[in-house]
Amino acid sequence: MDYRRFGNTVAVRIDRHEEVMEKLEEICGKEGILLGSISGLGAASYVEMGLYDVEKKAFTGTVLEEPLEVTSLIGSVTEMDGKPYLHVHIGAADVNGKAYGGHLKKCVIGGTAEIFIQVADGHVGRRADWFSDTGLNLYDFV
């Protein structure tokens with residue numbers, strides 16, 4: 001992995017066999033990023049993604065262990081308990097063009113990933129849903 005910061009933009013390259021969420025958390029920690037947006041694309045060899053069921057308050061997971069084009073990586077960086085909190089979704093397609101998508105748990109790069117983090121001024125926290133019982137960590141505008 002390598003990255004460069006240009007003002008409020010961080011350009012990131014994640015290399016083969018590296019895990020996306022680990023690297024993004026590492027960069028956000030090093031750079032003190034507690035608010036921003038994430039966008040990117042690339043090629044993966046392994047993806048764990050899920051769908052959150054509000055009624056069951058649980059994730060249903062999908063694991064893909066094959067060559068995949070990461071067609072979209074999009075998310076947010078906020079703060080929870082003094083640390084960066086990443087919420088990222090992924091769109092990926094297999095060799096036949098079948099598309100998959102969901103909440104990203106883990107993505108191991110099979111080729112490379114090109115990601116931008118747009119850093120924002122301000123503060124948006126997170127805390128467990130306090131009013132609608134979803135079980136989610138919601139934006140907290142304190």
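Using the Karplus relation 6.51 cos²θ - 1.76 cosθ + 1.60 with θ = phi - 60°, the per-residue 3J(HN,Hα) values for the stretch 97-110 come to x, 5, 9, 10, x, x, 6, 7, 9, 8, 9, 9, 6, x Hz, with x marking Gly and Pro. The count of lysine pairs in the chain whose Cα atoms are under 29 Å apart, excluding pairs fewer than 8 places apart on the same chain, comes to 19. Figure legend: label point modelled 7 angstrom from the Cα of residue 140 along Cα→Cβ; residues of the stretch 68-112 with amide N under 17 Å from it are 77-87.
The alpha carbon radius of gyration of the stretch 56-101, expressed as a multiple of 2.2 N^0.38 Å, is 1.47.
Taking every DSSP helix (H) stretch of at least 4 residues in the chain, weighting each as -39,500 (n - 2.57) and dividing the sum by the residue count yields a mean residue ellipticity at 222 nm of -2500 deg cm²/dmol.
Shape analysis of the stretch 1-48 based on the Cα gyration tensor places the equivalent ellipsoid semi-axes at 20, 11, 10 Å, largest first. At a probe radius of 1.4 angstrom, the accessible area of the stretch 21-62 per residue rounds to 52 square angstrom.
Amide H contacts of residue 35: 120, each under 5 Å away and 5 or more positions distant or on a separate chain (H built 1.01 Å from N in the peptide plane; Pro and chain starts excluded).
Using the Karplus relation 6.51 cos²θ - 1.76 cosθ + 1.60 with θ = phi - 60°, the per-residue 3J(HN,Hα) values for the stretch 76-90 come to 10, 10, 10, 10, 9, 6, x, 10, x, 10, 9, 10, 10, 10, 10 Hz, with x marking Gly and Pro.
Shape annotation for the chain: C-alpha extents along the principal axes are 45, 42, 18 Å, from largest to smallest. Apolar share of the accessible surface for the chain: 53 percent from carbon plus sulfur atoms, 1.4 Å probe.
In summary, the convex hull built on the alpha carbon positions of the stretch 47-126 has an orientation-averaged projected area of 6.5 nm².
The values are calculated or read from the model by the stated rules, or taken from the named source; none is laboratory data. Because the structure is predicted, anything quoted here is derived from the model rather than measured. A quick note on method: Cβ atoms are made from the backbone with ideal geometry, for glycine too, and the neighbour counts reach across all protein chains shown. Ligands, DNA and RNA are stripped out before the accessible areas are found, and what is left, the full protein with its side chains, is counted by its heavy atoms. Shrake-Rupley method; radii C 1.70, N 1.55, O 1.52, S 1.80 Å.
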